[in-house]
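The values are calculated or read from the model by the stated rules, or taken from the named source; none is laboratory data. Keep in mind that what you see is a predicted model, and the values were worked out from it rather than measured. FYI the Cβ positions are ideal-geometry reconstructions off the backbone, even for glycines, and counts take in every protein chain you see.
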Amino acid sequence: MLDRTFAALADPTRRRMLEHLAQSDQCVTDLARPYSMSLPAVSKHLRVLERAGLVRRRRNGRVHSLKLEAKPMQQAQAWIEEYRKFWEQSFDRLDEYLKQLQATKTNEQTK
């Protein structure tokens, strides 16, 4: 599921659609309005978002209402957080090493 989430979020149009849905639920035609693309093209983007679990669609007659589902993004954020911790620890170790090198260089210059 994480792969689908990142694949869906990789496209800027889909990210903008999610931004709109974060403001409020919208029907497909309202969500499509800001984009200069056909309704079938918008629908393809929406299917990718639905398969990733980022959007839920409800039908009321001919009107398709879309709602943002945040859980997949929370899972992606948790995955990213683990790597953030790794990189912070790596940078902390690098910083300590550079400080040791600088101290060694300073000690050699004062001798």
Which residue is farthest from VAL48 (Cα to Cα), if the candidates are limited to the range 14-28 and must be of a type in the set (D, E, K, R) and surrounded by 11 or more Cβ atoms within 10 Å (Cβ to Cβ)? ASP25
How about the range 64-111: which of its residues are surrounded by fewer than 11 Cβ atoms within 10 Å (Cβ to Cβ) and outside any helix (DSSP H, G or I)? LYS111
Against the definition (in a helix (DSSP H, G or I), in contact with a strand residue (DSSP E or B) (Cβ under 6 Å, 6 or more places away or on another chain) and either loosely packed, with under 14 Cβ neighbours inside 10 Å or of a type outside the set (Gly, Ala, Ser) (or both)), how does LEU49 come out, yes or no? yes
Filter the range 29-42 down to residues that are surrounded by 11 or more Cβ atoms within 10 Å (Cβ to Cβ), over 16 Å from ARG62 (Cβ atoms) and hydroxyl-bearing (Ser, Thr, Tyr), then give me how many there are. 1
Taking the range 1-36 and keeping residues under 17 Å from HIS64 (Cβ atoms) and of a type in the set (A, V, I, L, M, F, W, C) leaves MET17, LEU18, LEU21, CYS27, VAL28, LEU31, ALA32
Residue pairs, Cβ under 7 Å, 6 or more apart or interchain, first in the range 1-28 and within 27 Å of ASN60 (Cβ to Cβ), second modelled with pLDDT of 95 or more and charged (D, E, K, R). List them. ARG4/ARG51; ALA8/ARG14; LEU21/LYS67; ASP25/LYS67
